[in-house]
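The values are calculated or read from the model by the stated rules, or taken from the named source; none is laboratory data. Keep in mind that this is a model prediction, so the values were computed, not measured. Every residue, glycine as well, gets a Cβ built from its backbone with ideal geometry; the counts of neighbours run over all protein chains shown. Note: areas computed on protein heavy atoms with side chains; ligands, DNA, RNA excluded. Shrake-Rupley method; radii C 1.70, N 1.55, O 1.52, S 1.80 Å.
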Amino acid sequence: MQKKTTREAGKKKTQAAVNESYLQTVFRRFRKHRLALVSFIVLVALVGAALLAPWIAPYDPNAIVGPFSGAPTLQNWLGTDQIGRDVLSRLLYAMRISLLVGVLATLISTVIGVILGLIAGYFGGIVDSVIMRIADMMLSFPGLVLALAVAGIMGASMKNAIVAVVVVNWTKYARLGRSLVLKIRHCDYVEAAIVTGSKTPYMILRY
């Protein structure tokens, strides 16, 4: 009787897992991963602190509010820098710039890399060779050195920093996108769509 009950419970659990959507599956697994959950909470706290920096920072980040290279005190929790500016306030404002550069650079790198990877994998031939050889050339340089070189040539600014990160990072997304396209390029449903006259943009975006 107990085995039957256990078997039925297992069947219900399996059926529920089959019926749930992809996002529900991700959320269910995420809740069970304690390290991921703690990391997510820390990340949310840091992002919230960066967004609320103008309201929670104790001082103006550029104002001199204490002694040079001062130790942490009740007034300056993380001390002061070499010219007396509050380190905590500067850290909160610096996180805003770091998050902006990181998010924008990642989004742009992903879009460019995925598009080039899709094109390379779908068309193949000379197009694939040219795109992948460019990616291999970029990967042959150390990422940090290449980013510093690009930033040094273009000058110091937030926009140029984003461009430097994009130049370094787009290659990995392109290679990943290409490998996924090659994996399904000759599947039956893709071949059937080609035979029925589906247009190339539709094929790339849909499948």
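Based on alpha-carbon centroids, what's the gap between the range 109-147 and the range 22-63 in Å, whole number please? Value for the Cα centre distance between the two parts: 32 Å. Taking every DSSP helix (H) stretch of at least 4 residues in the chain, weighting each as -39,500 (n - 2.57) and dividing the sum by the residue count yields a mean residue ellipticity at 222 nm of -25000 deg cm²/dmol.
Using a probe radius of 1.4 angstrom, the carbon and sulfur fraction of the accessible surface of the chain is 70%. Averaged per residue, the chain has 71 square angstrom of accessible surface, using a 1.4 angstrom probe with ligands and nucleic acids left out. The count of lysine pairs in the chain that are at least 8 places apart or cross chains, and whose C-alpha atoms lie under 24 Å apart, stands at 11.
Kirkwood-type hydrodynamic radius, the range 104-207: 14.8 Å, calculated from all non-identical alpha-carbon pairs. For the options Ala36, Ala57, Ala147, a Gaussian network treatment of the chain with springs between C-alpha atoms closer than 10 Å singles out Ala36 as fluctuating the most.
Treating each Cα of the chain as an identical point scatterer and ignoring solvent, apply the Debye formula and state log10 I(q)/I(0) at q = 0.14 Å⁻¹. Here the Debye-derived log intensity ratios amount to -1.06.
Of the candidates Arg175, Arg96, Arg133, which one comes out as most mobile in a Gaussian network treatment of the chain with C-alpha springs shorter than 10 Å? In the Gaussian network model the winner is Arg133. Candidate membrane-span-like segments in the chain, meaning DSSP H helices with Cα atoms spread over at least 18 Å of their own axis and a Kyte-Doolittle mean of -1.0 or above, are 34-51, 87-123, 125-139, 158-184, with no membrane implied.
Each of Ile204, Ser157, Val47 was placed along the dipole of the chain (beta-carbon charges, centred on the mean Cα), and the one lying farthest toward the positive end is Ile204.
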